[in-house]
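Okay, structure first, notes after.
The values are calculated or read from the model by the stated rules, or taken from the named source; none is laboratory data. It should be emphasised that the depicted structure is a prediction, and the values quoted were computed from it without experimental measurement. Here Cβ is always computed from backbone atoms with ideal geometry, including for glycine, and neighbour counts include all displayed protein chains.
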Amino acid sequence: MTLKVLVCDDQALVRTGFVTIFDAQPDMTVVGEATDGRSGVDLARRLRPDVVVMDVRMPVLDGIAATAELAGPGVADPIKVLVVTTFNLDEYVYDALNAGASGFLLKDATPLELVAAVHTVARGESLLAPAVTGRLIGRFAQRIRPATADGSPAAEALTPRELEVLRLIATGMSNSEIAGTLVIGAETVKTYVSRILTKLNLRDRVHAVVYAYETGLVRAS
């Protein structure tokens, strides 16, 4: 199966680099390029790509608003969005994730990491660059809605082990890393993650990270 990718970025050099990387993959093809969020939304709705690679700061309609139109709450047929942006745009990423983005990656990622991120999002999984998990999500989520862990619905809804898994998810650990830390099987971790998302009515793993910081279950260092 060939994955259809739409690249949305207002910088020509960045777009060209992304297109070159994706088109070089045997299982990927770039179906379109957009220079602003509005044209990105229009193209995505018309072309129905498997993944939209979205910048944040763009003219006409920014990447956050464009993501909300494509994948936000209430969208009947959402399209998967991977936000790829520079580290100095920290303050936008929390909003992008809440707008429905399935993942976030820094623009200094390697081509292999970028390709892997698209595959991850296309599979219906979520991705958050571990390097920014604590620094970024923790900082802005706590500023927006500080809370205590004891007052979190998770403290009542989840078992102690599920709470432990949620905290490890929020640190940026993968399922295999969580399995190694807790000395349990990877399939068992997948079961815990599924239960956590269901019990807390969370959209995906990225949303779980935001939730953990928002409610004070995890605090930025």
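Within the bounds of region 19-41, is there any residue that is under 16 Å from Val121 (Cα atoms), surrounded by 20 or more Cβ atoms within 10 Å (Cβ to Cβ) and either charged (D, E, K, R) or at pLDDT below 95 (or both)? The answer is no; no qualifying residue exists.
Listed by position, the strands (runs of 3 or more DSSP E) contained in region 1-81 that have at least 3 residues being touching an Asp or Glu at 6+ places or on another chain (Cβ under 6 Å) are 3-8.
Out of Arg46, Arg38, one residue alone is free of Cβ contacts under 8 Å to residues at least 12 places away in the same chain and among the basic types (Lys, Arg). It is Arg46. Checked against the criterion of being of a type in the set (A, V, I, L, M, F, W, C) and either in contact with a Phe, Trp or Tyr (Cβ under 8 Å, 6 or more places away or on another chain) or touching a residue at least 40 places away in the same chain (Cβ under 8 Å) (or both), region 67-79 contains not a single residue that satisfies it. For region 174-190, a tally of residues being surrounded by fewer than 19 Cβ atoms within 10 Å (Cβ to Cβ) and under 26 Å from Gly72 (Cα atoms) returns 2. Residues in region 1-15 that are closer than 14 Å to Leu114 by Cα and without any contact (Cβ under 8 Å) to a residue 40 or more places away in the chain: Arg15 alone. When region 110-126 is filtered for residues that are under 17 Å from Gln25 (Cβ atoms) and at pLDDT below 85, only Arg123 remains. Among the residues of region 173-221, write down those that are at pLDDT 80 or above, within 17 Å of Arg161 (Cα to Cα), in a loop (DSSP other than H, G, I, E, B) and not hydrophobic (A, V, I, L, M, F, W, C). Across region 173-221, the qualifying residue is only Gly185.
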